[in-house]
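Report on the following structure.
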Amino acid sequence: MSAMHECTICSEKKLAGQVWFLVVESHAEDKLRVLQWLDDAAHQDGFYPACGAAHVQELVVHWMATGSLDYPFAAVAGKSRRRRHHLGSILPPILAPNLKGTKTIGELAVDRESVGRALRDDPDSLQVILDELFNTLQRETTGIAARLESSDAMSCGFPRQI
């Protein structure tokens, strides 16, 4: 029996056949990746499941504003999250998640000082990035769903429509 996965934002449980995404951050490079769903990766620390484009976007906004994917309002059961405290406590180095077998849909690297200035001076200036991310994820969702439907139709003996 496979582990039940929950969305980091809304705690919805993933059902078979649903198109979900994984979000992972590289602390060393201040970089964020959005990945296609991979069950083997989803249960590992450092991978944040998102049930759709809107919740990926919400995680990205949170990351841009705080520098962390640790979403404070979500209660994802059974998954420990390493919290980064900015109160001067000494924490062990955070290891980069193992990306073996994953497929990157998008990647975002930021200069924290510039993002902070943009958020302070003109938060709407970042909307272009968020809109493009959302559109890319919507296309990805549609493409994956179409491939799944096509695969199901082929397995039932129906011809593929072109």
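Some values worked out for this structure:
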| quantity | calculated |
| --- | --- |
| All positions within the range 34-55 that are closer than 18 Å to LYS100 by Cβ, assigned to a loop (DSSP other than H, G, I, E, B) and touching a helix residue (DSSP H, G or I) at 6+ places or on another chain (Cβ under 9 Å) | TRP37 |
| Residue match in the range 70-85 (condition: touching a helix residue (DSSP H, G or I) at 6+ places or on another chain (Cβ under 6 Å) and at pLDDT 85 or above) | no |
| Every residue from the range 13-33 that is under 21 Å from PHE134 (Cα atoms) and in a loop (DSSP other than H, G, I, E, B) | LYS14, GLY17, GLN18, VAL19, TRP20, ASP30 |
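The values are calculated or read from the model by the stated rules, or taken from the named source; none is laboratory data. Since the structure is predicted, the reported quantities are computational estimates derived from the model, not experimental observations. A quick note on method: Cβ atoms are made from the backbone with ideal geometry, for glycine too, and the neighbour counts reach across all protein chains shown.
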